[in-house]
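Working notes for the structure below.
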Amino acid sequence: MADDGKLNRWRLFAELSTADADVVLKACEERILVGGEELFHENDSGDSLFIVQSGRVDIFKNIRGDVDRSLASFGPGDVIGEMSFIDGARRSATARTTESSEFLVLSRQSFAKVQKERPDIAAAFFRNMAAIVATRLRTTNELYREAVSFGIEATGAHTLNLKNMAEELRRVTLHLVGGQSVAGRVLQMDHHAAGYTVVLKMENERLTVVPYHAIQRIDLA
C-alpha cells in the first residue's frame, strides 16, 4: 500500500491517486544496498528505473582512468535510470550509493503489464516521467551553457560574442588544439547533439565547420 505522505513528495506519482499509485508500486521489486555499492555501471545494459525510498545515490561518469566527474546526487523520492527504462539503451552513467539505501525497482517488462491492463495509469505515469526528464534536460543545458562560457573564458575569448560576430560576418583566426589554425568569417554557431560547432567562410568561399572543443584561441582579424 502506498504511503500518502511519500506520494506527495514523489514527482513520479504526481496527480495519481493512492489506489492508482499502488498499481504501479505492486509491479516494483524492493532492493537494499549498503553504502558504496553500485546500483548500475556506465555502459551496462539495463531496462529498469529505480525509485529512491531512503539513502542517497551519486551519479557520475568516468572521464579518463581513475578520474570521475560527479553529475548529480539523488535522495528519497527521486527516480534514477529512467532513460534506459524508456529506450532500453545502455546506462549513460554510473550510480553508486553513499550510504545504506532502499529502492523500488520497476522493469520495462513489469510495467508492460500495467500498460496493458491500466493504460490510463501508465499514461499518467509517463507524463510525470516526461516532466522529470524535461527538468533534468533543462539543467543539463544550463550546465552545458556554463561549460561553454567557461571554455570561452579559458581560451581568452570571454569578451567575444560569437552570435554578434556571425551577424557582423567578422573575420577571425581560430587556433586549434594541435597547433593548426584556420581563418575566415564567422557565419554561425550551431548546436548539435555532439556539442557546438563554428561555421567559417574561408577566403576561397568554401565553408568549414570547426567543433568548438577543438578551438584553443580565437583572434579577431
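Once both labels are positioned 7 Å from their Cα atoms along Cα-to-Cβ, the gap between E102 and Q188 label points is 5.4 nm.
Once the C-beta distance of A72 and S17 is scaled by a Förster radius of 35 Å, the resulting FRET efficiency is 0.75 to the nearest 0.05.
Taking all protein chains as shown and a probe of 1.4 angstrom, M202 keeps an accessible surface of around 50 Å². Whole-Hz Karplus values for the stretch 116-121 come out as 6, 8, 9, x, 5, 5 Hz, taken residue by residue from phi with 6.51 cos²θ - 1.76 cosθ + 1.60 and θ = phi - 60°; glycine and proline positions read x. Taking the inverse of the mean 1/r over every pair of distinct Cα atoms in the stretch 65-124 gives a Kirkwood hydrodynamic radius of 14.1 Å.
A cut-off of 5 Å between modelled amide H atoms, ignoring neighbours fewer than 5 places along the same chain, links S181 with L176. Remark on S100: its backbone amide H falls under 5 Å from those of G35, a criterion applied only to residues 5 or more positions apart or on other chains, H modelled at 1.01 Å from N. For the stretch 1-133, a Kirkwood hydrodynamic radius built from all Cα pairs, placed in the Stokes-Einstein relation at 25 °C and 0.890 mPa s, yields a translational diffusion coefficient of 162 µm²/s.
The values are calculated or read from the model by the stated rules, or taken from the named source; none is laboratory data. Here the structure is a predicted model, which means the values were calculated and not measured. In this analysis, Cβ positions are derived from the backbone assuming ideal geometry, glycine residues included, and neighbour counts consider all displayed protein chains. We work out accessible area using only protein heavy atoms, side chains counted, and drop any ligands, DNA or RNA first. Shrake-Rupley method; radii C 1.70, N 1.55, O 1.52, S 1.80 Å.
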